[in-house]
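Data block below; observations after.
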Amino acid sequence: MSTACSFVAQRLLLPTLLSLVLLVVCVLSDDASTMPTQNMSNKERAELREESREMFYHAYQAYMQNAYPADELMPLSCKGRFRGVTPSRGDMDDILGNFSMTLVDTLDTLVLLGDFAEFEHAVKLVIRDVQFDSDIIVSVFETNIRMVGGLLSAHILAEYLQKQADVMHWYKGEMLEMARELGYRLLPAFNTTTGIPHARVNLRLGMKDPQLKKSRETCTACAGTILLEFAALSRLTGDPIFESRAHAAMDALWKLRHRGSDLMGTVLNVHSGDWVRRDSGVGAGIDSYYEYLFKSYVLLGDDKYLARFNRHYNAVMKYVSEGPVLLDVLMHRPHAKSRNFMDSLLAFWPGLQVLSGDLKPAVQTHEMLYQVMQMHTLIPEAWTVDFQIHWGQHHLRPEFIESTYFLYRATGDHHYLQVGKRALKALQKYAKVSCGYAAVSDIRTGKHDDRMDSFVLSETFKYLYLLFSEPADLIINVDEFVFTTEAHLLPLSIAQLGNSTFNFRQSDEHSVLDFMRTCPSSNKLFPEKVRKPLRNFITGSCPRTSSGKRLSALDFQASNSDHLRAVYDMGITMVSVGDRSQGKVRLFHSFYNAKSQEEGEMGLQFMQEMLELTKMQSMNQLAQLQVRNSQESWAKILLMAVAWAADDKQEDWLALMAGPSHFSPELLGDKYVEGEIVLAQPLRACDEQLENASVMSGKIVVAERGDCTFVSKARLAQKAGAKALIVCDNVSGSSGETQPMFAMSGDGNDDVSIPVVFMYSLEFAKLSAQMQRRPQLSVRIMQMVEFKRWQLAKEAHLNETAAAAAAASTMPKKKPEKEL
Ligand code: DMJ
């Protein structure tokens, strides 16, 4: 039986539907043996497994020798990070509770590595040294996933080893008691009107800490990533309070979903249940909420969590996912993208998709992530839709390796071993320092950051080690466990322990149809076949004229001299028409002018493609600007035009490209706004009151980007009575010709009722030049496609008139074979 098959066999204990889905994965993996990926030899795989082990020990020993009992190692200073002692990093430090977090988080990795002696030693240290009665405010979410999860998993494995390996007989459940105590210290956070826990709690004072008086906001993932640990805690201790609080929080969250879109926002008010941030994606702020819905079903067998997961999953696949790309939308306006970048936390998503049985999109998104990695060597903390670095940090996060591991287990495709090898080698080269592994503060410079988060030991190295291990290499059968979001192991047998809050009922929310939608739809799916078309997803759209390859009209760039030569060789002549500055050309093709018969035919094909392209552009294609460098239509925004009449007769119009915003009304169809243009004073338009507010009524205001949000500029212009707002870029030399256009994000509120568009500097410079020449210049803001349609209609009319005139002429004419 293949690896993936044994993975499935373990899951046969689970409710039938889940088993069925994973069985599909099993069938697929059998077929995967024919795939072309370079296989990795057993020898190399074993070497990489040992290298992962060494990486773990290099980091672990650095921590133990230089930082313990601190929560974290600072790998550049080579000392411990203590809360209240080490200079504060602000909110980020809420993760630290002076409870030796890295050691607790790492315990179960020691067991997976088969190092029972060190595990036993570490457990003794934890029991001896770790205490929780501190006047410290900690994050409920982080304390739960790292500390409660770490203690529970270590407890479970200690008992497992007692039975299986005949060791640690002195252990009497001390870590379970510690987990219970810590659980009690987190409980005051759950005393809210909604039952959704506060984000932070004081370990000693609960919510009575005066600093927590104003506590209101939490993130969806923060509140929705409790149930696995709390259910295990209740079932192991017999105290139902934890599980019932966690179920209540999940129920309350579920009620907050948008009833139209089935999406969730990312930040909410724990008392009122109002959404504070309505952005909805699968990355930061929401990631593990989805993970815990699905895994709660797997661990506890409660169908309602599967049904909820499926509802959200379908919504995510409908609105957030576009091919391999995942971009945030607004939960209440799901067709509007709210961000133009992706963050590294979303890299866990393909792993979750594998578990839920939806393999094809998992392969696709993983391939996109792999290309981001290949492009930048390390995956940045965030990257834009055109795969440029948005946030340059690299925190040694596990998510991409985690997904690589799950994809390998499900498919058996050695490609994933090669991916893992590349990730491992990058960490060795760019993150290894003499005292552990250091995060990178900017992958463009390679500069290190003085931090090594506990998840590096609990997750990153664990998943690397698991990826390169055969099941026979492992002391425990991981298929009998669920991995928490911090990669702690909770046994599937927990479901059998029962719980007073637990009910194995057939939920009315459950729908087989919902479930079926998550199954892979094809009977045979080869990951390689899915990946291959995406291989050049990031880089492949640059025009290439490799010898023998025909230049297609789609790839053609008039500014590329190779392209111009290729086109010429194909027998195509270009003739400028009209005003040269507008760059309009007319193409003529003649076999006679082609370099060879073959190139002549290529030229004909090129012309046909050009015709198709022009037709498409003049139709709907222009309605949505395909973001530069993409091959699929996954990242589109409505391209806007700022247009004006070039002459007094209003016959000739010029237009410049502009980007829309997510917070202002769309100009649908051929709707437009037109008005005299006026510059805001001050130009940044961030002050309470605009100096020239009195002259703005009914006009189109221009404000410069910077100092405050786009939406606050819009509110100010709107308040002054403006008809529309144009925001011009503050970076000189920027242009929509060289940069991807984007839609300006808002703050989730719907109060802006005037159209707002964005212009890059070079485009705006042209408009500005016009404004200087014609102080009362009036402009029209509309969809670019509508502007083009309007121009085409005018041109068609002119051509008809010219054709009629030509027909009337008797002069014989030599026509080009094809004209565009
Ligand atoms: C981990 O602490 C957990 O995986 C969590 O769910 C989110 N991310 C970090 C690692 O990136």
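Here, each number is a calculation from the coordinates, and none is a lab measurement. Please read all numbers here as calculations on a predicted model, not as lab measurements. Every residue, glycine as well, gets a Cβ built from its backbone with ideal geometry; the counts of neighbours run over all protein chains shown.
Taking θ as phi - 60° and the Karplus parameters 6.51, -1.76 and 1.60, the scalar couplings of the range 689-700 work out to 10, 7, 4, 9, 4, 5, 9, 8, 4, x, 10, 9 Hz in sequence order, x denoting glycine and proline. Relative protection proxy for 340-349, 178-187, from highest mean packing down: 340-349, 178-187 (other beta-carbon atoms within 10 angstrom). Note that the range 475-490 has calculated 3J(HN,Hα) couplings of 6, 10, 8, 5, 5, 8, 10, 9, 8, 6, 5, 9, 6, 8, 9, 10 Hz, one per residue in order, obtained from phi through the Karplus relation 6.51 cos²θ - 1.76 cosθ + 1.60 (θ = phi - 60°); glycine and proline are x.
Report the net charge of residues surrounding THR192, where surrounding means a beta-carbon distance below 12 angstrom and charges are Lys +1, Arg +1, Asp -1, Glu -1. Value of the local net charge: +1. Note on MET250, MET40: ascending count of other Cβ atoms within 10 Å places them as MET40, MET250, the fewest first.
Kirkwood analysis of the Cα pair distances in the range 330-387 returns a hydrodynamic radius of 12.5 Å.
Ordering GLU601, GLU243 from the fewest to the most neighbouring beta carbons within 10 Å gives GLU601, GLU243. Taking each residue as 0.36 nm, the span from LYS214 to GLN374 lengthens on full extension beyond its C-alpha to C-alpha distance by 53.1 nm. In nm, to one decimal, how far is the modelled label at GLN605 from the one at ARG422, with both set 7 Å along Cα→Cβ? Each label point lies 7 Å from its Cα, and together they span 3.0 nm. Given their separation in residues at 0.36 nm each and the Cα-Cα distance between them, MET92 and HIS169 gain 23.8 nm when the chain is fully extended.
The calculated FRET efficiency for LEU205 paired with LYS43, based on their beta-carbon distance and R0 = 45 Å, is about 0.20. Along the range 311-319 the Karplus relation, 6.51 cos²θ - 1.76 cosθ + 1.60 evaluated at θ = phi - 60°, assigns HN-Hα couplings of 4, 5, 4, 4, 5, 4, 5, 7, 10 Hz to successive residues, with x for each Gly and Pro. A cut-off of 5 Å between modelled amide H atoms, ignoring neighbours fewer than 5 places along the same chain, links VAL702 with VAL678, LEU679, ALA680, ILE726. Pairs with C-alpha atoms separated by more than 20 Å, drawn from the list LYS360/LYS421; LYS671/LYS713; LYS425/LYS462; LYS671/LYS723; LYS318/LYS529; LYS79/LYS432, are LYS360/LYS421; LYS671/LYS713; LYS318/LYS529.
Taking the square roots of five times each eigenvalue of the Cα gyration tensor of the range 388-488, the equivalent ellipsoid has semi-axes of 26, 15, 12 Å, listed largest first. Fewest-first ordering of ILE476, ILE781 by other beta carbons within 10 Å of each residue's beta carbon gives ILE476, ILE781.
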